[in-house]
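The values are calculated or read from the model by the stated rules, or taken from the named source; none is laboratory data. Source: prediction; values computed, not measured. With ideal geometry, Cβ positions are generated from the backbone for all residues, glycine too; neighbour counts draw on all protein chains shown. Surface accessibility is based on the protein's heavy atoms, side chains included, excluding ligands, DNA and RNA. Shrake-Rupley method; radii C 1.70, N 1.55, O 1.52, S 1.80 Å.
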Amino acid sequence: MNFWLHHSLSQWATRLIVSFILIVLAAACWIFSSSTFDQPQPKAGIVLLGGIDEEGWNAPQYRGIRKACAAMGIGLITKERIIGDGACTQAVHELASEGAGMIFLASYSYSQEAKKLVREYPQIAFGTNSAECHARNMTSYFVRMYQGRYLAGALAGMRTKSNVIGYVAAMENSEVNRGINAFTLGVQQTNPAARVVVMWTGNWQDEEKEAQEARRLITDAGADILTYHQDEPAAADVAEELGIDYIGYYEDLGKHSWRSSHALTSVVCNWDRYYEDIIRRYLKGELNYMDKQWVGMEAGFVELCDFSPAVTDEQKARLDQIKKTMLGGRFVFAGEIYDRQGNLRCRPDESIRDDRLLQHMDWLVKGVEILE
């Protein structure tokens, strides 16, 4: 065969093979990109007891998960003001029909309904604020807010003049008791002579009742500092009105210009970072391999927000030292601890385990009083 003819045929064959390979690669890329873009966007749902604009518990929750979802390209479906028997169940049915693959039940009040819902939707990953509910596809998610409570208590102990600190609390469960106990232990760290007086409201959201009990703590019990565990800051509003120091919860109350220097600080959580962490675990398929997702100050999720000008440099320095000791491994619930009835709950050489803190804190520490 003529050399030049043979050479031309070889070049043609080579070009044909290369063209075929390029066509195959282009088709593969198109198929891959098409299948990728055709995948539905993952969606998360959140069920809130209050409205997304209600400061305190609900608004920070909503802002946190919204920011986390936006950062991670996740769709968000929100059900707000879900109150009453069966309301949570209906909200979950709607979220499931709208394609939510992960649902956060952002209130302790939903725990009973959640037990049935998780069995009905085994393909959905649930998160609940109640540490007392567990299932194969439900993880307890919360943060160690008690660490911030301990620091807040230490501040209250340094600030009080009457040695009476008032605490408006929603209900007697492990979460609320844990916060009261940590706060009281913090008070005792800086002022062993001070007392923490608690009043129960029996509800997460009842502004009239909360305000009423806050006034009683000031006028009847003689409290000169208030704090609270409620979804809204009604107790703080009463303290502001009467010129009493107070410590907020969930929300940075000092950011409001109408509040005075009596807003000492607030125990807050960086919910956007927390939700981003837990959503990342869900996307990796890791979320339901753990019973609980419980982290706190050591991960940068829990903190005291900016202090008011009323808090002195000496007080800030003392709090900073206490925080460093905590982060260095000194547990809040460690060492000798007695309850109100005089029972030893923690020996000098031990610390209380997480499962006891989460699910079985049905007692209050010595130094807590209940105003009937």
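Residues in region 150-183 that are charged (D, E, K, R), more than 13 Å from the chain's Cα centre (by Cα) and surrounded by 20 or more Cβ atoms within 10 Å (Cβ to Cβ): Arg159, Arg178. All of Glu314, Glu303 fail the test of being modelled with pLDDT of 90 or more, within 22 Å of the chain's Cα centre (by Cα), at negative phi and of a type in the set (Asp, Glu), apart from Glu303. Which of the helices (runs of 4 or more DSSP H) contained wholly in region 143-223 include at least 1 residues that are under 19 Å from Phe331 (Cβ atoms)? Per the criteria, 145-159, 174-190.
Give the residues of region 335-359 that are outside any strand (DSSP E or B), of a type outside the set (D, E, K, R) and loosely packed, with under 14 Cβ neighbours inside 10 Å, sorted by residue number. Residues satisfying the conditions are Gln341, Gly342, Asn343, Pro348.
Just one of (1) touching a residue at least 24 places away in the same chain (Cβ under 8 Å); (2) open to solvent by 40 Å² or more (accessible area, probe 1.4 Å); (3) assigned to a loop (DSSP other than H, G, I, E, B) fails for Ser257. It is (1). Provide a single number: the residues in region 206-236 that are open to solvent by 30 Å² or more (accessible area, probe 1.4 Å), among the acidic types (Asp, Glu) and more than 16 Å from Ser308 (Cβ to Cβ). Selection size over region 206-236: 4. Against the test of being on the phi < 0 side of the Ramachandran plot and either polar (S, T, N, Q) or not assigned by the TED database to the domain that holds Gly157 (or both), the options Leu253, Leu264, Leu283 yield a single qualifying residue, Leu283.
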